[in-house]
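The values are calculated or read from the model by the stated rules, or taken from the named source; none is laboratory data. These numbers were taken from a predicted model, which means no experiment stands behind them. As a convention, Cβ positions derive from the backbone with ideal geometry for all residues, glycine included, and neighbour counts pool all protein chains shown. Side chains included, ligands, DNA and RNA excluded: accessible areas come from the protein's heavy atoms. Shrake-Rupley method; radii C 1.70, N 1.55, O 1.52, S 1.80 Å.
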Amino acid sequence: MKIRDITSGAQPPEKFSNLKLGKEKTYAAGIPAVINSLKHVANYMSASAATKTMFKINQKGGFDCPGCAWPDPDDERSPLGEYCENGIKAIAEEAQRTTIGKTFFAKHSIAEMRQWSDFELGKKGRLAQPMVLNEDASHYVPISWNEAFQLVGDHLNALASPDDAIFYTSGRTSNEAAFLYQLFVREYGTNNLPDCSNMCHESSGVGLSTTLGIGKGSVTLEDLHEAEVIMVIGQNPGTNHPRMLSALEKCKQNGGQIITVNPLPEAGLMHFIHPQSPSKLISGGTPLTDLFLPLKIGSDIALLKAILKLLWKEERKSPGSVFDMDFIRTKTIGFNDFLVELESYDLNQLIEETGLPFELIQEAAVMIQHKKKIIICWAMGLTQHKFGVQNIREVVNLLLAKGSIGKPGAGTCPVRGHSNVQGDRTMGIWEAPKEEFLTKLEEVFDFVPPRKHGYPVVDAIKAMYHRNAKVFFAMGGNFLSATPDTEYTAKALQNCDLTVHVSTKLNRSHLIHGKKALILPCLGRTDVDIQENGAQFVSVENSMGVVHSSQGVLNPPSDQLKSEPYIVAGVAKATLAHNSKIDWTKMVSNYDFIREGIEKTIPGFEDFNTRIRKKGGFYLPNCNREQKFDTPSGKAHFTVNQLPDLSIKPGNFVMMTIRSHDQYNTTIYGMDDRYRGIYNERRVILMNAEDMQGSGLKVNDVVHLTNQFGGQTRRANSFKVVPFDIPRSCVATYFPEANVLVPIDSVAKKSKTPTSKWIEISVEKE
Ligand code: SF4
């Protein structure tokens, strides 16, 4: 087995920061959330910025929280503040007081900065001016915007083919910037538009569109409040979508029940203390989960099939009392094949796969048996598996059997991560665009977009690794740290002639670069955006398909920052020059012009400029909400999904990468994970106490982790062992620290989503 070569600084440094362990929390939010939020505000923001932002975040006519894609209430929003602790951390991160420009970069070499942790890099401050790294240089130096645009244009025009360039998008990019970006990239001549959803909910998109005819969730926030049963599978909302806890609390108050399916007993799913409710603070809050199913990592299909078998058994006893046979007959196809396959499984074998006792699964079936208003919510715990698409399709099988689609209180709920990741896809940020979208672009903008599909993220990395792509352009994000197989990805980026990052803050992707590199500092979501025609607002789309406006309130931390649309227009003009059919200067003079283009091109955006000014925005059409299915058959599809092989070598473990409570994707807000009782350390591995004993390990022991896959050995050194309530032979580590162990070729079938939730590793004591 060949060991992966190591690039210094590609991985976070293997240095410990004095681990402290405390008791795991049994509830989320409460007073500690308020204290923690205030700490972040005090540490990083000015008082005036804090005051200005707190009363505008997620308010109608205010700005959208860049923290995640959880929707805001359609009706009244909390005057005290429509945000959560992690929303405040996201704002404190973006609205940092300090800025870094030429003086900072003159002082700190690439080599030095590579030794800093991701937390240290992110807290250096907001990027203040465009910087360039010349070939063989050790330090970034200032460059003017026009020179920077020309540098990109020259490199793009020097390529043998537009397909030799990669244009990545991170899900914070607004609709207007995303639409303009894809317009430029397609007029330039490629569909190489990979985005962060390739690595997260792509399995949801594929699983839902092939069964229900739309790649988005069907429920609204209101549906969650009136559901009879909500299953939360492979998701940790307490950290990743904290305001979801308010919706779960409302569901409970309305008599609903919650089933949690997760290898880890996440505090946020167990109990919630609403920090804005004095009565809840006094009474100790609301228990959320009614039934907790701590299954083995990856055994979701076995669990769902076991529940379906128990429900079918009851259905046969009293036909029509459990399955919605009328819905099945009139709205679906494939039920018989689904049933034959389901009946082929032995119930005990399925239950054994889950590692759960029969009684718990029986209890879940009983909770669902006579309910119709059923919602299933999920996140990466279902999508980042080899069988990620099948996981989603099995979820759909359960909802179809119950007829729980397109009714109030019922449906699918993939909870998106980045605040506009769904919007970016709606705007055309996709390497595999539909023909009707390209035809419409051609009609509206009078150029011929390319038809050859581009690279999703993992193929884009391979293309750079093999020098089939030589220019990498990233609209936001931290590509190196967010992607799998860190050392392979590092080589891929270093093989480029030019790497360009449009960013707000310093991150590791700026330090592992092509022969030449550019950092283009942009305005953040909280910043005021002035263009030729005055102050501009942008729009985003949340997880429930609501498109609403967002307008910054803070003076930008530097007068050299540009908006994302302005940067796209600058690069487009420098690259396409007089060959373009689009008036880029006009487009960014007033974003209404961009929205006019969106209105003419994308269904659901009729009268966009009027409707986007309506407080709270508008819902995009969603066929499933009307029990319509945009599938070839016009019906919802039951599917047959094989039980995956979860076997591993004796002594090995199944590792899943997770976020700490002080983290949003690769942005490290702080060094603590207070809900799990882990403080001041990120190089930890959560292990079952019996497995520790079996491996001769004790708390705080230092171990090295190894993955063997595809003839390659990947190693992640120096992790401290932490005993945790996790099923046997399952372990958890944080990303990006453990992303080096996720093989580039280990992806979900059909969606190519990296399998970050199911990686076989060995653990060796130092
Ligand atoms: S739930 Fe998400 S969008 Fe809402 S305030 Fe928290 S981080 Fe921001």
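Remarks
- Exposure check, 1.4 Å probe, all protein chains in place: residue 613 carries approximately 130 Å² of accessible surface.
- Compared with the direct C-alpha span, the chain from residue 226 to residue 725 gains 176.5 nm at full extension, assuming 0.36 nm per residue.
- Here residue 358 and residue 120 are evaluated by their C-beta separation; at R0 = 45 Å the FRET efficiency comes out at 0.35.
- Solvent-accessible area of residue 442, all protein chains in place: 60 Å² (probe radius 1.4 Å, heavy atoms, ligands and nucleic acids excluded).
- The residue list 350, 410, 21 was ranked by how far each Cα lies along the charge dipole of the chain toward its positive end, using unit charges on Cβ atoms, and 21 comes out on top.
- Accessible area of region 548-603 belonging to carbon and sulfur atoms, whole % at 1.4 Å probe: 45 percent
- Calculated FRET value between residue 98 and residue 609, using beta carbons and R₀ = 25 Å, to 0.05: 0.10
- Charge sum, other residues only, whose C-beta stays under 10 Å from residue 173's C-beta, Lys/Arg counted +1 and Asp/Glu -1: -3
- The stretch between residue 343 and residue 147, if pulled fully straight at 0.36 nm per residue, gains 64.0 nm over its current Cα-Cα span.
- Computed from backbone phi, the HN-Hα couplings of region 9-19 come to x, 6, 9, x, x, 7, 10, 8, 10, 6, 4 Hz, rounded to whole numbers (Karplus: 6.51 cos²θ - 1.76 cosθ + 1.60, θ = phi - 60°; Gly and Pro given as x).
- The H on the amide N of residue 409, modeled in the peptide plane, is under 5 Å from the matching H of 223, each at least 5 residues off or on a different chain.
- Summary value for region 583-672: 10 percent relative contact order, contacts being C-alpha pairs under 8 angstrom separated by 6+ residues.
- Candidate residues 74, 324: accessible-area rank, largest first, probe 1.4 Å: 74, 324
- Placing +1 on the Cβ of every Lys and Arg and -1 on the Cβ of every Asp and Glu, with nothing else charged, gives region 238-392 a dipole about its Cα centre of roughly 560 debye.
- Neighbour-limited loop hits for chymotrypsin sites (Phe, Trp or Tyr not before Pro), region 93-131 (at most 12 other Cβ within 10 Å; DSSP other than H, G, I, E, B): none
- Under 23 Å of direct C-alpha separation, and excluding same-chain neighbours fewer than eight residues apart, residue 515 reaches these lysines: 102, 107, 462, 470, 491, 505.
- Relative contact order [Cα under 8 Å, 6+ residues apart], the chain, whole percent: 23 percent
- All lysines inside 18 Å of residue 757 as judged from Cα atoms, apart from same-chain residues fewer than 8 positions distant: 296, 386, 649, 749
- Karplus 3J(HN,Hα) series, Hz, for region 749-762 with 6.51 cos²θ - 1.76 cosθ + 1.60 (x for Gly, Pro): 4, 6, 9, 6, 7, x, 8, 5, 9, 8, 10, 7, 9, 10
- Legend: residue pairs 89/407; 309/371; 407/750, Cα-Cα distance threshold 26 Å; pairs beyond threshold, 89/407; 407/750.
- For region 653-765, the relative contact order is 37 percent, taking Cα pairs closer than 8 Å that sit 6 or more residues apart in sequence and dividing their mean separation by the residue count.
- Using R0 = 45 Å, the C-beta based FRET efficiency linking residue 630 and residue 314 works out to 0.90.
- Estimated 222 nm signal from helices in the chain, with DSSP H stretches of n ≥ 4 weighted -39500 (n - 2.57), rounded to 500: -9500 deg cm²/dmol
- Residue-count net charge about residue 536 - beta-carbon cut-off 10 Å; Lys, Arg +1, Asp, Glu -1: -4
- Prolate/oblate/rounded call for region 653-765, Cα gyration tensor, a/c under 1.5 rounded: oblate
- Average accessible surface for region 202-415: 30 Å² per residue, computed with a 1.4 Å probe over protein heavy atoms with every protein chain in place.
- Summarising the amide proton neighbourhood of residue 554: residues at separation of 5 or more, or on other chains, whose placed amide H is nearer than 5 Å comprise 527, 528.
- Dipole in debye (nearest 20) - region 156-216, about Cα centre, beta carbon charges: Lys, Arg +1; Asp, Glu -1: 200 debye
- About its Cα centre, the chain has a charge dipole of approximately 760 debye under the convention of +1 per Lys or Arg Cβ and -1 per Asp or Glu Cβ, with nothing else charged.
- Of all lysines in the structure, those lying under 25 Å Cα to Cα from residue 581, and not within fewer than 8 positions of it along the same chain, are 434, 440, 452, 562, 573, 600.
- Inter-part distance where region 50-122 and region 499-566 are each reduced to a Cα centre, Å: 12 Å
- Annotation: amide H-H contacts under 5 Å for residue 100 (H modelled 1.01 Å from N, sequence separation of 5 or more, or interchain): 126, 127, 128.
- For region 356-422 versus region 724-738, the inter-centroid distance based on Cα atoms is 23 Å.
- Carbon plus sulfur fraction of accessible area for region 202-415, probe 1.4 Å, in percent: 55 percent
- Each residue of region 319-333 was assigned a 3J(HN,Hα) from its phi angle through the Karplus expression (A = 6.51, B = -1.76, C = 1.60, θ = phi - 60°), giving x, x, 8, 10, 7, 8, 5, 5, 5, 4, 5, 8, 10, 10, 9 Hz with x at Gly and Pro.
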